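K.L.:
Sharing a structure, written as structure tokens. Questions coming.
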Amino acid sequence: MRRSGVHNFPAIDRVIFGKAVAEAICDEAERLDAKRVFLLASRTLNSKTDEIEKIRRTLGDKHAVTFDGIAQHTTRKQAAEVALHAKEAQADLVVAVGGGSAVDLAKIVIMAMEHDICDEAGFDPFPMGPGVSQSPFRSPKVRQIAVPSTLNGGEYNAAALVTDERQKLKQIFFHPQMMPVSIILDPALTLHTPTKLWMGSGTRSMDHGIEALCSPAGTPLADEVVLAGIRTLREGMLQTLQQPDDLEARRLSQYGSWLAAFGLQARVPMGASHGIGHVLGGTFDVPHYYCTPVIMPSLLRYNKPFTEDAQKRLATALGAPGDEAADAFAAFTARLGLPGRLADVGIGEDKFDQISKIAINHRFVKANPRPFKNEAAIIDLLRMAA
């Protein structure tokens, strides 16, 4: 039982569910009195489905521009370029439709618009990260809406992961109003999401819940909600695995992602799974949705002496009461057909030294419930996950 702490509530107006995407976006544009809506859309959704065209048709004259050239890992360079396009279009609302990269891009684009950032170097004065109460960013005049097509859950977070390509380094930028003003959940949109991406992103969302549950800075409210999220995600994802076109299973999965991200909403700092995952993705181009299944089981074993009670509750939420949480999580991700070792995603021991040198200074690695005394301790963890 937690005995002290602070629970933060996020700067989000609403989560909308049970309404078709196009109708919900149009209603939100009306509510927010938006006249020029800039769509940041998944290229697949824009070019191979009619989902984005439905949105454009419903918005009518309110639609300004659609941009669909979103990089897998959001970069400073692309954020500055897209912000310029949005300003030229006189956008007064940005809507991200797609996966985590689309959502992160929307978050950082509105800050680049606010500060007239036009290149990579323009972000240099704004080093940032969750847990900092005073952001160097001004509050943005333009806000954004997120319409996720995956289960990542990053849309429930007021921070964006952005890669500085000059250093090949993924960084965190934060402002309370980088949180979407609203989030729209429509399971029908996710029917176009590849199975591996759907399942992998669901484990990433579970990661949010697990790290909040294990964090020393967690709260009683966050603990109960994220546990419910992990249980719900597990049920929804397994149902979707059996029946990919089951909209109710997808809806259940979306609800689980929403609940599992409650620690993110409350700004509970994540731990080393996120920190090391950022290095794997930003520096070594490992897909974000594969980072959790290859790191989390070993991290749970490393953290167990400091998080034993939390891990008992986690194992129960994963449908394996009495088992080791690490084993339960590894078994679950294997059942989903996801990679389980670093070697499966192209990370060998020759990269461990570089990973450890970057990760040791990452704020989430520093917030891990069991401290890493030095780079060698991180290398030991990586060897466990090899």
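K.L.:
Compute the FRET efficiency between LEU32 and ALA188 as 1/(1 + (r/R0)^6), taking r as their Cβ-Cβ distance and R0 = 22 Å, and round to the nearest 0.05.
P.N.:
0.40
K.L.:
Something else about it: How long are the semi-axes of the equivalent ellipsoid of the range 326-386, defined as square roots of 5 times the Cα gyration tensor eigenvalues? Whole Å, largest first.
P.N.:
23, 15, 9
K.L.:
List the lysines whose Cα lies under 25 Å from the Cα of LYS304, skipping any in the same chain that are fewer than 8 positions away.
P.N.:
Those lysines meeting the cut-off are LYS312, LYS357, LYS366, LYS373.
K.L.:
Something else about it: If contacts are Cα pairs under 8 angstrom and at least 6 residues apart, what is the relative contact order of the chain in percent?
P.N.:
For the chain, the relative contact order is 15 percent.
K.L.:
Let me ask something else. Please report the orientation-averaged projected area of the range 237-278, defined via the convex hull of its C-alpha atoms, in nm².
P.N.:
Hull-based average projected area comes out at 3.8 nm².
K.L.:
Using θ = phi - 60° and the Karplus curve 6.51 cos²θ - 1.76 cosθ + 1.60, what whole-Hz ³J(HN,Hα) does each residue of the range 3-9 get, with Gly and Pro shown as x?
P.N.:
10, 7, x, 9, 10, 9, 10
K.L.:
Working out 0.36 nm times the residue gap between ASP309 and MET384, then minus their Cα-Cα distance, what length gain in nm do you get to one decimal?
P.N.:
24.8 nm is the gain from fully extending ASP309 to MET384.
K.L.:
Write down the Å³ per residue value for the convex hull defined by the alpha carbon atoms of the range 190-242.
P.N.:
68 Å³
K.L.:
Treat the count of other C-beta atoms within 10 Å as a stand-in for reagent exposure and order THR66, THR232, THR240 from fewest to most.
P.N.:
THR66, THR232, THR240
K.L.:
Given bins 10 angstrom wide, list per bin the percent of all Cα-Cα distances in the range 194-384, short to long.
P.N.:
All Cα pairs, binned at 10 Å, distribute as 10, 40, 37, 12, 1 percent.
K.L.:
At GLN72 and ALA343, where each label point lies 7 Å from the Cα along Cα→Cβ, what is the point-to-point distance in nanometres?
P.N.:
2.2 nm
K.L.:
Also, I was wondering about something else. Karplus couplings for the range 347-353 from phi (6.51 cos²θ - 1.76 cosθ + 1.60, θ = phi - 60°), rounded to Hz, Gly and Pro as x?
P.N.:
9, x, 5, 5, 9, 4, 5
K.L.:
Next up: Describe numerically, in nm with one decimal, the distance between label points set 7 Å from Cα along Cα→Cβ at MET1 and at GLN354.
P.N.:
5.0 nm
K.L.:
Using the Karplus equation 6.51 cos²θ - 1.76 cosθ + 1.60 (θ = phi - 60°), what ³J(HN,Hα) coupling, rounded to whole Hz, does each residue of the range 222-236 give in order, writing x for Gly and Pro?
P.N.:
Ordered by residue, 3J(HN,Hα) equals 4, 4, 5, 5, 5, 5, 4, x, 5, 4, 5, 4, 4, 5, x Hz.
K.L.:
Sorted from largest to smallest, which semi-axis lengths in Å does the alpha carbon gyration tensor of the chain give for its equivalent ellipsoid, taking the root of 5 times each eigenvalue?
P.N.:
Rounded to whole Å, the semi-axes are 32, 24, 19.
K.L.:
Would you please give the residues with an amide H less than 5 Å from that of ARG143, counting only those at least 5 places away or on a separate chain, with H modeled from the backbone geometry?
P.N.:
For ARG143, whose amide H was placed from the backbone, the distant partners under 5 Å are VAL94.
K.L.:
Output needed for the range 14-187: three equivalent-ellipsoid semi-axes, defined as square roots of 5 times the C-alpha gyration tensor eigenvalues, in descending order, whole Å.
P.N.:
25, 16, 16
K.L.:
Based on DSSP, what percent of beta bridges with both residues in the range 14-187 are antiparallel, to the nearest 5?
P.N.:
20 percent
K.L.:
Hey, another quick one. Viscosity 0.890 mPa s, temperature 25 °C: what is the translational diffusion coefficient of the range 14-60 from Stokes-Einstein with a Kirkwood Rh over Cα pairs, rounded to a whole number of µm²/s?
P.N.:
The calculation lands on 216 µm²/s.
K.L.:
How high is the relative contact order of the range 219-263, in percent, with contacts defined as C-alpha pairs under 8 Å that are six or more residues apart?
P.N.:
Once normalised by length, the contact order is 54 percent.
K.L.:
Given contacts defined as C-alpha pairs under 8 Å and at least six residues apart, what's the relative contact order of the range 194-384, whole-number percent?
P.N.:
25 percent
K.L.:
Turning to a different aspect of this structure: Would you grab the residues whose amide H sits under 5 Å from the one on GLN171? Only those 5+ places off in sequence or on another chain, please, with H modelled 1.01 Å from N.
P.N.:
Counting only residues 5 or more places away or on other chains, the set is VAL162, THR163, ASP164.
K.L.:
Lysine pairs, Cα distance under 20 Å, 8 or more residues apart or cross-chain: how many in the range 14-187?
P.N.:
For the range 14-187, the number of qualifying lysine pairs is 18.
K.L.:
Let me ask you something else. Can you give the % of DSSP beta bridges in the chain that are antiparallel, to the nearest 5?
P.N.:
If we restrict to bridges inside the chain, about 20 percent are antiparallel.
K.L.:
Order of HIS274, HIS63, HIS208, HIS7 from fewest to most other C-beta atoms within 10 Å?
P.N.:
Final ranking by Cβ density, sparse to dense: HIS7, HIS63, HIS274, HIS208.
Every number here is computed from the coordinates shown, using simple stated rules; none is lab data. Only a predicted model underlies this, so the values are computations on that prediction, with no experimental measurement involved. Heads up, the Cβs are rebuilt from the backbone with ideal geometry, glycines too, and the neighbour counts pull from every protein chain shown.
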